[in-house]
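Engineer: I have a structure here, written as structure tokens, and I will follow up with some questions on it.
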């Protein structure tokens, strides 16, 4: 990408009504555009980062043997009536509308019922199980509050996966494998040490669930953790009964503020029974399917990373999430910069070249704000000193190396 071809521009100020740091920085850096409270458009830089988060998640879900699909966001009322979740008293985040023929439809806030109904066309025998499917999809939730930027929106991108198993043992094996896969996702994003598998209330989904809570001062949740034993409890279920069940005392727990970045639910056979999803076992008996649901907030993760890693100058993102790995800046040395740019492109490196006709200070300020992990500056001063200047956005450490060494170092990373 030549930055002169990027239509977005950085901004000195975020919208006055934007309170969340993550959204302020992402708007100013040109990653997102605010349409209204809780609804943001992904601009080219934001889209690239979100796709990189999705790819990390996709690789781990595929490794579990799951199939990727994408479902419609329009939802039939009759399907949700079967499970009692069309009623606003049961689920208070519905966006609903009416078709021209008068039938009511909902806009997808979750997909347990539709995916379970769809599986009736594909699951008939015990030989058809287990089945694991997932999607990356835009969810719509009519949240009362939407003041946390992309960490809590009315429209957001989510990875939701669903499992269909023949029995509890088969389900539990996948459920536990999914916990391990989620841990790998958060490790790869650099927040594994700060993300805890948390015992929690299942809300509109089920009685209890496991959440993946990431320590974050801007988060909306409070959990209680014992780091040594790996125990984490959401304050919503912090009762004597829960403490006894987990064999821990309140004095052994540390209170921390967190953001929920993932969750998993075990429905047993209850969901399948209400939907009418069953299979024929080895003896010809009709058995309800065991179901599970597994979510990760994709756009929320980008917001959490910004909240946790940003500094006074702007965004700081991990190399595997940043829209580009290298930000190439030339100062009156376009020909030499183009040589490096083309060499990096030829090797498959993600690089954005700031080839705009701007003063150096403006280019550096934009680079700090956008937060690409590595900066290569090609200038008359650097060339006279022996080559180009490489700077780490995270550590701010710099060194002068030859053009060839700069290319080799970036490729080695």
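Engineer: Starting from the Cα gyration tensor of segment 326-412, take the square roots of the eigenvalues, sort them a ≥ b ≥ c, and report rounded, prolate or oblate (rounded when a/c is under 1.5, otherwise prolate if a/b is larger than b/c, else oblate). Walk me through the intermediate numbers first.
Structural biologist: Details: a/c = 1.23, a/b = 1.11, b/c = 1.10.
Rounded, because the longest to shortest axis ratio a/c is under 1.5.
Engineer: For segment 74-176, just say rounded, prolate or oblate: build the C-alpha gyration tensor, square-root its eigenvalues into a ≥ b ≥ c, call rounded for a/c under 1.5, and beyond that prolate if a/b exceeds b/c, oblate if not.
Structural biologist: Details: a/c = 2.37, a/b = 1.44, b/c = 1.64.
Judged from the Cα gyration tensor, segment 74-176 comes out oblate (a/c at least 1.5, b/c at or above a/b).
Engineer: Let me ask another. Calculate how many DSSP beta bridges within segment 262-398 are antiparallel, expressed in % of all such bridges and rounded to the nearest 5.
Structural biologist: Working: 14 of 24 bridges.
Expressed as a percentage, antiparallel bridges in segment 262-398 total about 60.
Engineer: Something else now. Report the extension gain between residue 402 and residue 252 in nm, rounded to one decimal, defined as 0.36 nm multiplied by the number of residues separating them, less their alpha carbon distance.
Structural biologist: On the way: separation 150, 0.36 × 150 = 54.00 nm, distance 5.43 nm.
The span from residue 402 to residue 252 would gain 48.6 nm if fully extended.
Engineer: Which angle from 0 to 90°, rounded to the nearest 10, does the C-alpha axis of helix 360-370 make with the longest principal axis of the chain?
Structural biologist: Around 10 degrees separate the two axes.
Engineer: Can you tell me, using C-alpha contacts under 8 Å and at least 6 residues apart, the relative contact order of segment 268-316 as a whole percent? Could you put the intermediate results ahead of the total?
Structural biologist: On the way: 35 pairs, mean separation 13.2, N = 49.
Relative contact order comes out at 27 percent.
Engineer: To test your reading of the geometry: what angle, between 0 and 90 degrees and rounded to tens, separates the Cα axis of helix 403-412 from the longest principal axis of the chain?
Structural biologist: 10 degrees
Engineer: How high is the relative contact order of segment 326-412, in percent, counting Cα pairs under 8 Å that sit 6 or more residues apart? Show your work: numbers first, answer last.
Structural biologist: Values: 129 pairs, mean separation 27.0, N = 87.
Relative CO of segment 326-412 lands at 31 percent.
Engineer: May I ask you to derive the relative contact order of the chain, considering only C-alpha pairs under 8 Å and at least 6 residues apart, and to give it as an integer percent? Kindly include the intermediate steps, with their values, before the conclusion.
Structural biologist: On the way: 796 pairs, mean separation 67.6, N = 413.
Taking the mean separation of contacting Cα pairs over the length of the chain, I get 16 percent.
Engineer: Still on this structure, please answer the following. Run the helix sum for the chain: -39,500 (n - 2.57) per DSSP H stretch of 4+ residues, divided by residue count, reported at 222 nm to the nearest 500 deg cm²/dmol. Intermediate values should be presented prior to the final figure.
Structural biologist: Values: 12 runs with 127 residues, N = 413.
For the chain, the value works out to -9000 deg cm²/dmol.
Engineer: Sort 357-370, 105-118 for me by packing, meaning the mean count of neighbouring Cβ atoms within 10 Å per residue, highest on top.
Structural biologist: On the way: 357-370: 16.4, 105-118: 20.4.
Most protected by this proxy first, the peptides run 105-118, 357-370.
Engineer: Taking 7 Å along the Cα-to-C-beta vector as the label spot, tell me the residue 11-residue 105 distance in nanometres, rounded to one decimal.
Structural biologist: 3.2 nm
Engineer: Can you tell me how the chain classifies by the Cα gyration tensor, rounded, prolate or oblate, using a/c under 1.5 as the rounded cut?
Structural biologist: The shape class here is prolate.
Engineer: How far is helix 168-188 tilted off the main Cα axis of the chain, in degrees rounded to 10, range 0 to 90?
Structural biologist: 10 degrees
No value in this document is a laboratory result; all are computed from the given coordinates. Just so it is clear, the structure is predicted and the values come from calculations on it, not from any experiment. All Cβ positions, even for glycine, are placed from backbone atoms using ideal geometry, and neighbour counts span all protein chains on display.
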